Structures are given as C-alpha cells and as structure tokens.
Protein chains: 2
Amino acid sequence: MDKLQQLLTLDLLPGIGCYRLRQKLKGLSPFELFNCTELELVALGFNAPQRAIIQAPYQSVITSVTTWLNGAGNRRVVSFFDSEYPPILKQISSPPLLLFCQGNVELLTRPQLAIVGSRAPTITARETAKLLAHDLAFSGLTITSGLATGIDSCAHIGAISAQGTTIAVLGSGLKNIYPRSNVDLAANISQTGLLVSEFWPDVLPKAPNFPRRNRIVSGLSLGVVVVEAAQRSGSLITARLAAEQNREVFAVPGSVNNPKVQGCHKLINQGAKLVATAADILEELPIDSFDVAAKEHKIHSRLSPQSLLPFDIILDSVGFETTSIDQVVERSKMSIEIVLQQLLTLELAGLIVLGSGGYIRISGGG
Amino acid sequence: MDKLQQLLTLDLLPGIGCYRLRQKLKGLSPFELFNCTELELVALGFNAPQRAIIQAPYQSVITSVTTWLNGAGNRRVVSFFDSEYPPILKQISSPPLLLFCQGNVELLTRPQLAIVGSRAPTITARETAKLLAHDLAFSGLTITSGLATGIDSCAHIGAISAQGTTIAVLGSGLKNIYPRSNVDLAANISQTGLLVSEFWPDVLPKAPNFPRRNRIVSGLSLGVVVVEAAQRSGSLITARLAAEQNREVFAVPGSVNNPKVQGCHKLINQGAKLVATAADILEELPIDSFDVAAKEHKIHSRLSPQSLLPFDIILDSVGFETTSIDQVVERSKMSIEIVLQQLLTLELAGLIVLGSGGYIRISGGG
C-alpha cells in the first residue's frame with residue numbers, strides 16, 4: 001500500500017478528523033501507523049473500528065480514487081502532511097486532512113482572497129463582484145470562492161477575465177460538479193486555476209456539505225469579501241467563520257431599498273470594513289505577501305483578452321441592450337451548444353455580461 | 001434701553017463671542033454690564049471698541065431688529081441666558097449668543113435629530129431622507145436641518161408629511177430665506193415648526209456663514225444622519241462637528257457605483273453607524289428623552305393627511321409616471337402659481353414626490 005492509499009485510509013477512519021488524528025499521532029508520521037501492532041494502536045488511542053480499518057483498508061473504495069486520479073487534467077490529492085498544503089489553512093480549527101485537487105496545485109499556497117455572496121444577486125452586485133475579482137486578480141491575488149451560481153460564479157469569472165488565477169472550493173466531489181450549470185465554468189477554472197474539494201470524487205452534492213465547505217473558502221484566504229447577502233445568507237456563515245479564523249472581513253454596501261444587501265450592512269455594523277473598490281481591500285492586506293506574484297502576473301497580463309477570441313460572429317450577435325440566447329442563436333445561425341459555450345468564453349473575457357433575460361455587450365470587441 | 005436691546009448690543013461687540021463674553025462677565029448678569037462704569041468695564045477686560053459700544057449702542061441697527069420682531073408670525077430673539085435656549089446647544093464650544101426665531105420656539109428644547117446631505121441627491125436618496133424624517137418625526141423627534149435644496153428640504157418635508165415638527169437653521173438672516181426656491185417651504189415650516197438663525201434678520205446669504213450654521217444644526221441635535229454626501233460635501237463638516245460635540249453620527253449607505261454616497265461610506269468606516277431605517281437610529285438614542293413627546297404626538301397624528309387636502313384637481317392631474325409641471329397646469333386648467341403652491345402642499349403631505357422631470361403620484365389621495 002503506497003502513501004496515497006495510506007492517507008486515503010486515514011481519511012476514512014470513523015469519528016476522527018485531521019485535528020484529532022494529529023493529536024493521536026504523538027509525533028509519529030501518519031505512515032508509521034501502518035507498521036504499528038494492535039497493542040501500539042491501542043496505546044495511541046485508536047478504538048476498535050479505527051484499528052480495523054488501519055489494519056485492513058477498504059481497497060475497492062481507494063481504487064475508485066486512484067482511477068479518478070488517472071483521468072485527464074492535473075489531478076492530485078494534497079494531504080495536511082504535504083508541502084503543497086497551505087500553512088494558512090492549517091491554522092483553522094478543523095483543517096481537512098485531504099484536498100482533492102484538479103488544476104494548478106501551486107495556487108493553494110498563494111495569497112488568496114475570497115469573494116462570496118448571494119446565489120441570486122442583482123445585476124449591480126454581479127458587476128461589482130466581477131470588477132472586484134478582476135482588479136484583485138490583476139493585483140496578483142488568487143480569487144477563491146465556492147462555484148455557486150450568482151456572486152461565486154462572478155468572482156471566478158472576474159478573475160479569469162483579468163487572466164488571473166482562481167480557486168473553486170466545492171461542496172461535492174470533483175466528479176460531481178454542482179450546480180450543473182457551472183460545469184463549463186469549472187472546466188475553464190481547472191485549466192489555469194484550481195478546483196478543490198475535501199470530499200472524495202464520487203461524493204454527491206448534499207446540503208450539509210456546503211456550509212462545511214465555507215470554512216475552507218475562508219480558511220484558504222487572507223480575507224473574505226461579501227458582495228450581496230440577505231439577512232439569512234450562507235455568505236454570512238462564511239463571514240463569521242472568517243472572523244473566527246482571524247481573517248479580514250469586507251462587505252460591499254448597497255441601496256437601503258435592496259433587501260439582498262441587508263446581510264452586508266449587518267456585517268459592516270459588526271465591524272466588517274465597508275469596501276467599494278479593490279484598493280479599499282488591498283490597503284488592508286499584508287502587501288508583501290503578494291507583490292512578487294503581482295509583478296509576475298502583470299507581465300503576463302499584457303496580452304489583450306480580445307486577441308484570444310475568434311468569436312466575432314457570436315459577439316456581434318449580442319447587442320448593447322439585453323439580448324436573449326434565442327436571439328443570439330437566430331442572429332449567428334450557430335447551434336445552441338456552440339452559442340452557449342462561446343457566450344461563456346465572451347463573458348469570461350469581460351466582453352459581455354449576463355443580465356436578467358439575456359446578455360448585454362459591454363465592449364467593442366476585437 | 002430694554003433687555004432685548006442690551007442683548008443685541010452685546011451681540012455686536014467686536015472680537016468677542018458668547019463664550020468669551022461669559023468668561024468676562026465673571027458672574028455678573030449680562031444686563032448689569034450696562035450699569036458699569038468705564039473703569040469697571042476695563043477691569044472686566046473689555047477693550048476700548050467694546051466699551052464704546054456698550055456705552056453708546058448703535059440704536060438704528062437695533063431698531064431694524066425690533067421692526068422685524070413686529071412682523072407677522074411668532075418672532076422671537078432667544079438668548080443664551082433665556083430658559084428657551086436649548087441646554088444641549090450650550091455644551092458646544094461656540095454656542096451662539098442669540099437665536100433669531102420664527103415659529104414655535106418651544107421646539108428648541110425638544111429632542112431633535114438632524115438629517116443632512118447632498119444638495120443634488122439621487123431620487124433614491126431623496127425618498128430615503130423623506131421616509132426617515134417621516135418615521136422619526138412620527139416617533140416624536142423634531143427633525144432639524146439646514147433648509148438647503150436636496151436632502152435638507154426632503155428632511156423638512158418628510159417631517160411635515162408625518163404632521164411632525166421640524167426646525168430649519170439658516171445660514172442667512174430670516175428676512176433673506178435662501179435658497180429662494182425654498183421660500184414656500186420656509187413659510188410652511190414657520191407655521192408648525194421653527195426657523196432659526198444666529199444671523200440678524202437683514203444678513204444676506206454669504207458662503208462662509210453656511211458651514212458656521214452647521215455647528216448649530218448638529219449642536220441642537222442628539223445625532224446627525226447623513227443621507228447622501230460626496231467625498232467633499234458640506235455634510236461631512238456637519239458630521240465632523242457632530243462627532244466633536246459627542247453627538248451620534250449615522251450614515252445611510254448606497255450603491256458603490258454612486259459617487260454621491262462615497263462620503264457616507266467614509267463616515268461608516270470612520271465609525272458612524274450604518275443605518276437603513278428609523279428603527280436603526282431610534283435604538284441608539286436615549287429613548288426616555290422623547291417618549292412623552294411621541295405619545296402626545298401620536299394622538300395628534302391620527303388625523304389623516306388627506307383630510308387636510310382639498311386639492312383633488314391638482315392631485316388627479318399628477319400621474320403615477322413622471323408628470324411635468326406644464327402637464328399639471330394643462331390638465332388642471334389652473335394658474336402656474338396655484339399649481340406650484342398646491343404641488344408643494346401635496347408633496348408635504350406625502351401624496352406626490354418630485355423626481356427628475358416632474359412629479360410622481362404615490363398615493364390614491366382623499
């Protein structure tokens with residue numbers, strides 16, 4: 001049994017997480033456990049079900065992960081004991097033992113900022129989230145969020161539009177991207193960014209796993225920006241976890257007539273910094289931690305986003321007023337599949353935005 | 001020379017305000033000064049020009065005030081030494097010696113809240129200011145502001161629409177209402193509310209006097225609410241003065257895309273409480289100070305505002321979409337003067353609102 005299989009086995013131990021596992025190890029490496037006798041495992045405090053698994057791992061379950069690892073793209077399992085595991089994430093009260101990763105694993109240890117918010121935001125908040133993510137990514141920060149619809153998606157898209165880097169932390173296994181409408185976005189993120197989950201690849205989306213996921217979003221990040229959140233929003237959980245983890249908490253204000261922003265206003269009155277621009281956020285962060293990354297990134301970013309886009313026909317089919325997807329299909333004479341794929345690419349490049357009822361063009365194009 | 005003439009004389013002393021006058025009095029009443037000999041005045045520290053005025057008042061100037069006092073409405077000069085002078089205003093570093101008043105002088109000592117902001121606010125901010133003023137006035141607070149265009153006017157109008165009370169502190173003399181567009185509003189305020197100025201009635205509007213006026217707006221109030229203020233707004237001066245005077249400072253947030261709200265956001269990050277509703281404000285104020293006033297007021301407020309309004313023809317000429325004043329004139333077949341006057345009355349009653357390009361009806365009417 002190799003080290004990966006041993007780590008996967010430890011992740012399956014019932015009633016014990018990463019924190020208590022490390023307590024029981026008492027200085028041993030996790031791999032030495034597998035050379036221990038029954039009596040030694042008892043002495044370390046492992047109970048009978050735990051000892052049974054250590055001594056006879058579920059080989060078939062573990063094989064499912066190794067099969068996944070052999071799939072396309074850069075797939076990795078990063079453990080708490082690996083150098084790629086982010087030190088900042090080790091500081092939280094319940095760090096995951098394993099991170100299932102697809103994409104650029106190096107991003108894990110780069111300075112990150114989380115942008116989270118409503119799953120059904122206003123068009124203004126969508127634009128604000130994208131702009132903040134764009135500008136912060138351009139400044140060298142990696143933008144971390146949860147791949148949900150709404151603000152999370154806008155955060156990822158904004159970072160990509162700046163040719164920056166972004167991490168999506170999933171509440172399901174990486175074989176089960178959720179929501180399904182973000183499958184294309186996830187594929188895009190995995191190319192230059194990173195998909196991360198503490199759940200094994202086969203795990204289906206389940207409601208209780210999503211709040212758990214939030215502690216990783218904040219735990220990976222120097223701070224959390226909440227863009228739009230109602231009074232009872234999951235984003236407020238992320239903000240609370242961030243505060244408990246001693247991360248900076250930022251909130252974007254909005255009109256007092258917009259009920260979707262009440263959660264942000266509450267956070268501000270509880271001490272979150274009110275922010276309107278990327279500069280408001282950057283001035284609160286330890287700049288030394290990412291200025292080198294920023295310099296490297298800015299050289300890379302000189303490429304015009306338009307130069308990457310051969311989709312003139314689709315772009316020309318989107319008006320400066322809201323244009324439905326049906327209209328784009330009709331005007332471009334292209335299939336719905338190609339239209340949807342290319343509209344996403346155009347949105348990622350910051351040339352069009354998704355409003356209610358369709359897309360709006362915001363740039364003259366290439 | 002009567003006591004009023006003596007107080008007016010003291011207000012004319014060069015190089016000496018209320019604070020230093022009281023220091024020099026050393027326990028004497030201000031009126032006793034006029035019985036002092038030259039040597040006694042020297043001993044109290046009055047210089048030659050000051051002594052000359054005490055001993056030979058400018059009778060003609062004083063007569064201009066007494067003439068004004070004999071005009072229509074309740075006109076009064078309230079001095080620092082009168083029981084009507086608000087104790088809360090005595091606490092500020094440079095309280096005015098005299099307050100020229102027109103209207104209900106009793107309001108001076110009632111609990112007040114100031115609402116200030118941009119002279120050119122967005123329609124959203126206008127509505128917010130009116131609604132806050134309405135709800136706070138209905139709760140028994142007197143709404144104090146500066147009679148400027150924009151948020152100040154909305155604050156006064158909102159209070160009146162709740163049949164509450166409002167105080168306008170002017171930066172010019174009460175014979176010179178400024179801006180002229182607010183002459184009708186000032187007349188309305190003087191009927192159930194109060195117009196106040198530290199300037200003599202003949203003083204013309206002069207730019208330096210308006211920031212000075214702001215210290216009285218905040219000095220009269222338990223707290224100051226800033227509804228919309230750009231980065232360099234006079235309202236931020238009022239907020240700073242309020243903080244220096246240990247008054248509560250409140251600020252209403254807005255969209256990060258609205259530059260007119262940047263000053264409010266700055267105040268919030270400096271410690272002002274973010275507020276969206278009257279309840280957010282009331283919970284910070286010492287409720288005992290105005291609950292009796294509230295109870296008295298609520299009984300009075302049971303009258304429907306519509307019952308006071310015979311202007312059905314004008315109201316019916318205003319649509320639920322923006323309606324220009326020309327359209328109202330055409331539809332109502334009434335003169336422009338009557339239309340303007342009655343539109344103001346309808347606005348004060350909360351039945352219509354002024355948007356860009358005209359009025360919008362917001363109520364079914366009586």
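The values are calculated or read from the model by the stated rules, or taken from the named source; none is laboratory data. All of these numbers come straight from a predicted model, not from anything done at the bench. Because the Cβ atoms are built from the backbone with ideal geometry, glycine has one as well, and the counts that use them run over all protein chains shown. Heads up: the accessible areas ignore ligands, DNA and RNA and are worked out on the full protein's heavy atoms, side chains in. Shrake-Rupley method; radii C 1.70, N 1.55, O 1.52, S 1.80 Å.
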Taking the condition open to solvent by 40 Å² or more (accessible area, probe 1.4 Å), basic (Lys, Arg) and either in contact (Cβ under 8 Å) with a residue 24 or more places away in the chain or under 20 Å from A:Gly271 (Cβ atoms) (or both), does A:Arg212 pass? yes
Residues that are of a type in the set (Ser, Thr, Tyr), at least 2 per element: which helices (runs of 4 or more DSSP H) completely within the stretch B:1-115 meet that? B:59-69
Going through the stretch B:116-125 one residue at a time, which ones are buried (at least 23 other Cβ atoms within 10 Å of the Cβ) and in a loop (DSSP other than H, G, I, E, B)? B:Gly117, B:Ser118, B:Pro121
Flag for A:Thr109 being in contact with an Asp or Glu (Cβ under 7 Å, 6 or more places away or on another chain) and at pLDDT below 95: no
Residues that are at pLDDT 75 or above, touching a Phe, Trp or Tyr at 6+ places or on another chain (Cβ under 7 Å) and closer than 22 Å to B:His134 by Cβ: does the stretch B:289-304 have at least one? no
Give the number of residues within the stretch A:250-271 that are of a type outside the set (A, V, I, L, M) and open to solvent by less than 60 Å² (accessible area, probe 1.4 Å). 8
Counted residues in the stretch A:273-285 being within 10 Å of another protein chain (Cβ to nearest Cβ), open to solvent by 10 Å² or more (accessible area, probe 1.4 Å) and in a loop (DSSP other than H, G, I, E, B) come to 2
Any chance A:Pro121 is within 20 Å of the chain's Cα centre (by Cα) and within 14 Å of chain B (Cβ to nearest Cβ): yes
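Scan the stretch A:160-180 residue by residue and report those that are outside any loop (DSSP other than H, G, I, E, B) and either closer than 24 Å to A:Ala137 by Cα or touching an Asp or Glu at 6+ places or on another chain (Cβ under 8 Å) (or both).
Step one: of the stretch A:160-180, the residues outside any loop (DSSP other than H, G, I, E, B) are A:160-161, A:166-169, A:180.
Matches in the stretch A:160-180: A:Ile160, A:Ser161, A:Thr166, A:Ile167, A:Ala168, A:Val169.
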In the stretch A:326-359, how many residues are open to solvent by 60 Å² or more (accessible area, probe 1.4 Å), without any contact (Cβ under 8 Å) to a residue 60 or more places away in the chain and closer than 25 Å to A:Ala133 by Cβ? 1
Is it fair to say B:His156 is open to solvent by 50 Å² or more (accessible area, probe 1.4 Å) and assigned to a helix (DSSP H, G or I)? no
Return yes or no: is B:Gln91 open to solvent by 20 Å² or more (accessible area, probe 1.4 Å) and without any contact (Cβ under 8 Å) to a residue 24 or more places away in the chain? no
For the structure I just gave you, tell me whether B:Pro121 is of a type outside the set (Asp, Glu) and either touching a Leu at 6+ places or on another chain (Cβ under 6 Å) or under 26 Å from B:Trp200 (Cα atoms) (or both). no
Do we find that B:Ala229 is farther than 19 Å from B:Pro96 by Cβ, among the aliphatic types (A, V, I, L, M) and away from chain A (no Cβ under 12 Å) in this structure? yes
Cβ-Cβ under 8 Å, sequence separation 6+ or interchain: first residue in the stretch A:238-261 and facing chain B (nearest Cβ under 10 Å) and closer than 17 Å to A:Leu222 by Cα, partner open to solvent by 20 Å² or more (accessible area, probe 1.4 Å) and assigned to a strand (DSSP E or B). Which pairs? A:Ala251/A:Lys273
Just one of the numbered conditions (1) more than 14 Å from the chain's Cα centre (by Cα); (2) modelled with pLDDT of 95 or more; (3) open to solvent by 40 Å² or more (accessible area, probe 1.4 Å) is not true of A:Ala187; which one? (1)
If I filter the stretch B:261-277 for residues that are of a type outside the set (S, T, N, Q), modelled with pLDDT under 65 and out of contact with any strand residue (DSSP E or B) (no Cβ under 8 Å at 6 or more places or on another chain), do I get at least one hit? no
Give B:Ser221, B:Ser235, B:Ser197, B:Ser181 a once-over and let me know the one that is open to solvent by 20 Å² or more (accessible area, probe 1.4 Å), away from every other protein chain (no Cβ under 14 Å) and among the small types (Gly, Ala, Ser). B:Ser181
Among the candidates A:Ala72, A:Ala43, A:Ala137, A:Ala56, residue that is under 27 Å from A:Ser235 (Cα atoms) and either modelled with pLDDT under 95 or not aromatic (Phe, Trp, Tyr) (or both): A:Ala137
May I ask you to say which residue of A:Thr192, A:Thr149, A:Thr128 is buried (at least 20 other Cβ atoms within 10 Å of the Cβ) and closer than 18 Å to A:Leu348 by Cβ? A:Thr128
Residues to consider are A:Tyr85, A:Tyr19, A:Tyr58; find the one that is under 19 Å from A:Ile216 (Cβ atoms) and open to solvent by 70 Å² or more (accessible area, probe 1.4 Å). A:Tyr19
Which listed residue, of B:Leu33, B:Leu10, B:Leu41, is touching a residue at least 12 places away in the same chain (Cβ under 8 Å), in contact with a Lys or Arg (Cβ under 7 Å, 6 or more places away or on another chain) and surrounded by 16 or more Cβ atoms within 10 Å (Cβ to Cβ): B:Leu41
